1. If you count only protein heavy atoms with a 1.4 Å probe, what accessible area per residue comes out for segment 14-101, rounded to a whole Å²?
2. Given Cα pairs under 8 Å that are at least 6 residues apart, what percent is the relative contact order of the chain?
3. Might you tell me the accessible area per residue for segment 128-191, computed with a 1.4 Å probe and given in Å²?
4. Can you give me the C-alpha center-to-center distance between segment 153-191 and segment 56-93, rounded to a whole angstrom?
5. How much of R122 can a 1.4 Å solvent probe reach, expressed as accessible area in Å² and rounded to 10?
6. Kindly report, to the nearest 10 Å², the accessible surface of V60 as traced by a 1.4 Å probe over protein heavy atoms only.
7. Work out how much length E151 to R27 would gain on full extension: take 0.36 nm times their residue separation and subtract the Cα-Cα distance, in nm to one decimal.
8. How much length is gained if the chain between D133 and A118 is pulled fully straight, taking 0.36 nm per residue apart and subtracting their Cα-Cα distance, in nm to one decimal?
Amino acid sequence: MKALPVEPSNDPVAIGSRIRAARQGQRMTIEQVADSTGLTKGFLSRVERDLTSPSVASLVTLCQVLSISIGDLFSMPETHLSRAGQGPRISLGGEGIKEELLTARHERRLQIIRAVIAPRGRGEADLYAVDCDVDVLHVIAGRITLLFTSERYELSAGDTLSFSGREPHTWINETDEETIVTWTLVPAAAR
């Protein structure tokens, strides 16, 4: 297979904000970085504002002092856009519920699910658990009741409840109104 040629660009690569973020993450001042690298504060300030580009040697030294890799400065950030109503439909069980995945399918750090629950919609008849450390239920509109083995929470629009996903639970919309919620699972459920 023939590789596609990459056209060189004369556009400057903006890495200053990433260098500044790394410096601040290390809780270092520009003066401390200047002392450690032998570069001047003025030069470092211009680099952080993308007004000048460091030489390869200066960049290597700067990255060593800031404990970051040079590749991290040039990598494209991973982003995922989920437009309203266009996320993939999923089903984690229950009746009268439409669930839409808001995070990327491959995202493993967390999973956000938007659910529209019909009047009298309900989760599984038996209590169930989700394979995640933290489960966060946020009510956008309507009301929902979350049931645990020995506790019951009635939540309204604006309410948020955090709990262990491994704690057996179920839910029900006991009203005649539609309910809209988000479930945030950390890390993403394997289920």
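The values are calculated or read from the model by the stated rules, or taken from the named source; none is laboratory data. Everything numeric in this text was worked out from a predicted model, so none of it was measured. Cβ atoms come from the backbone with ideal geometry, glycine included; neighbour counts cover every protein chain shown. Surface areas here come from the heavy atoms of the whole protein model, side chains and all, with no ligands, DNA or RNA. Shrake-Rupley method; radii C 1.70, N 1.55, O 1.52, S 1.80 Å.
1. Working: 5550 Å² over 88 residues.
On a per-residue basis, 63 Å².
2. About 18 percent, as a whole number.
3. Numbers: 3030 Å² over 64 residues.
Heavy-atom accessible area per residue stands at 47 Å².
4. 30 Å
5. Approximately 90 Å² of R122 is accessible to the 1.4 Å probe.
6. Result for V60: roughly 50 Å² accessible.
7. This chain segment gains 40.2 nm when fully extended.
8. Answer, rounded to one decimal: 2.6 nm.
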